[in-house]
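A.B. asks: Here it is: the structure, laid out below.
The values are calculated or read from the model by the stated rules, or taken from the named source; none is laboratory data. Worth saying up front: this structure is predicted, and the values here are computed from it rather than measured. Positions of Cβ are backbone-derived with ideal geometry, glycine not excepted, and every protein chain shown enters the neighbour counts. To get the accessible areas, we keep the full protein, side chains included, count just its heavy atoms, and leave off ligands, DNA and RNA. Shrake-Rupley method; radii C 1.70, N 1.55, O 1.52, S 1.80 Å.
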Amino acid sequence: MRVQDVIKKKRRVVHTIPAQRTAEDAIVQMTVDQTSALIVMDGRTPVGIFTERDVLRCHVAWRHRLFREMPLSEAMTDNLIVAQPEDLVSSAMAMMIKADIRHLPVVEDRRIVSMLTISDLVKHHVGELTAELHYLQEYITDLQDAVQD
């Protein structure tokens with residue numbers, strides 16, 4: 001199965017914020033939008049991601065600095081790891097595990113079209129395993145019926 005198959009099922013809005021804003025602005029927006037990550041944009045170009053994990057990292061790293069005084073460009077994660085719609089779901093999951101990230105922007109034609117979360121991929125994987133288990137249970141039942149006949 002491909003990433004595009006997972007994102008078709010969920011049409012979550014990709015939340016963005018301008019790079020010129022502060023960490024406090026991002027935290028407020030994340031709260032209002034009820035999201036755990038924002039794509040940081042410099043005009044129309046994605047330059048990073050700001051997540052709940054970045055909030056914690058910044059709080060610990062700059063304990064005596066106020067979020068409203070912290071430029072988002074300093075607080076964000078600027079190494080943006082992305083997936084393509086045609087990538088295998090297993091590859092996307094492996095990429096997230098290897099990079100220890102929970103959010104994976106999906107890029108098509110140089111623009112972000114969706115955001116996958118580790119939760120999305122786990123739900124998808126559990127759904128596939130449940131379907132396989134159901135198929136195997138039916139197969140075993142059919143075998144048992146055949147033996148009894």
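A.B. asks: Per-residue HN-Hα couplings for the stretch 54-68, Karplus 6.51 cos²θ - 1.76 cosθ + 1.60 at θ = phi - 60°, whole Hz, x for Gly and Pro?
C.D. replies: Per-residue couplings from phi come out as 5, 4, 5, 4, 5, 4, 6, 5, 10, 3, 9, 9, 7, 4, 6 Hz.
A.B. asks: Using amide H atoms built 1.01 Å from N in the peptide plane, name the residues 5+ places from Arg2, or on other chains, whose amide H lies under 5 Å from its own.
C.D. replies: Amide H neighbours of Arg2, under 5 Å, 5+ apart: Val89.
A.B. asks: Just to check I understand the Karplus step: with θ = phi - 60° and J = 6.51 cos²θ - 1.76 cosθ + 1.60, what whole-Hz values come out for the stretch 34-45, glycine and proline as x?
C.D. replies: 6, 10, 9, 7, 10, 7, 8, 10, 10, x, 9, 9
A.B. asks: Something else about it: Tell me the net charge near Met1. Cut-off is 15 Å between Cβ atoms, Met1 excluded, with +1 for each Lys or Arg and -1 for each Asp or Glu. Present the calculation step by step, with values, prior to reporting the outcome.
C.D. replies: Numbers: positive: Arg2, Lys8, Lys9, Lys10, Lys123; negative: Asp5, Glu86, Asp87, Asp120, Glu128, Glu132.
Result for the local shell: -1.
A.B. asks: Let me ask another. Once the other residues with Cβ under 12 Å from the Cβ of Val28 are scored (Lys, Arg +1; Asp, Glu -1), what is the net sum? Let's see the in-between values first.
C.D. replies: Working: positive: Arg21, Arg68; negative: Glu24, Asp25, Asp33.
Summing Lys/Arg as +1 and Asp/Glu as -1 gives -1.
A.B. asks: Let me ask another. Could you tell me what percent of the DSSP beta bridges with both partners in the chain are antiparallel, to the nearest 5?
C.D. replies: On the way: 15 of 19 bridges.
So the antiparallel bridges amount to about 80 percent of the total.
A.B. asks: Over all directions, average the projected area of the Cα convex hull of the chain and note it in nm².
C.D. replies: Values: hull surface 45.3 nm².
Across all orientations, the chain yields a mean hull projection of 11.3 nm².
A.B. asks: Which entries in the list Lys10/Lys123; Lys9/Lys98; Lys10/Lys98 go over 20 Å, if you measure between the two C-alpha atoms of each?
C.D. replies: Numbers: Lys10/Lys123 12 Å; Lys9/Lys98 25 Å; Lys10/Lys98 24 Å.
Over 20 Å apart, Cα to Cα: Lys9/Lys98; Lys10/Lys98.
A.B. asks: Would you kindly give the portion of the calculated P(r) for the stretch 102-142 that falls above 13 Å, as a percent of all Cα pairs? Intermediate values should be presented prior to the final figure.
C.D. replies: Working: 526 of 820 pairs.
Counting pairs separated by more than 13 Å, the tail of P(r) holds 64 percent.
A.B. asks: Positive end of the charge dipole of the stretch 94-142 (Lys, Arg +1 and Asp, Glu -1 on Cβ, about the Cα centre): tell me which of Tyr139, Ala94, Val126 has its Cα farthest that way.
C.D. replies: The one lying farthest along the dipole's positive direction is Ala94.
A.B. asks: So if I place +1 on the C-beta of Lys and Arg and -1 on the C-beta of Asp and Glu, and nothing else carries charge, what would the dipole magnitude of the stretch 7-73 be about its Cα centre? I want it in debye, nearest 20.
C.D. replies: On the way: 12 positive and 7 negative charges, 90 e Å.
In total the dipole reaches around 440 debye.
A.B. asks: Only four residue types carry charge here, +1 at the Cβ of Lys and Arg and -1 at the Cβ of Asp and Glu. Report the dipole size of the stretch 41-130 about the Cα centre in Debye, rounded to the nearest 20. Spell out each step's value before the answer.
C.D. replies: Numbers: 11 positive and 13 negative charges, 75 e Å.
The dipole magnitude comes to about 360 debye.
A.B. asks: With the contact rule set at Cα under 8 Å and sequence spacing of 6 or more, what percent relative contact order holds for the chain? Numbers along the way, then the final one.
C.D. replies: Working: 183 pairs, mean separation 36.2, N = 149.
That works out to 24 percent.
A.B. asks: Using modelled amide H (1.01 Å from N, peptide plane; none on Pro or chain starts), what sits under 5 Å from the amide H of Val82, excluding residues fewer than 5 places away?
C.D. replies: Sorted by chain and number, the residues that satisfy this come to none at all.
A.B. asks: Where the accessible area of the stretch 1-119 is counted over protein heavy atoms with a 1.4 Å probe, how much of it, in %, is carbon and sulfur? The partial results should precede the final answer.
C.D. replies: Working: 3640 of 7160 Å².
Its accessible area is 51 percent carbon and sulfur atoms.
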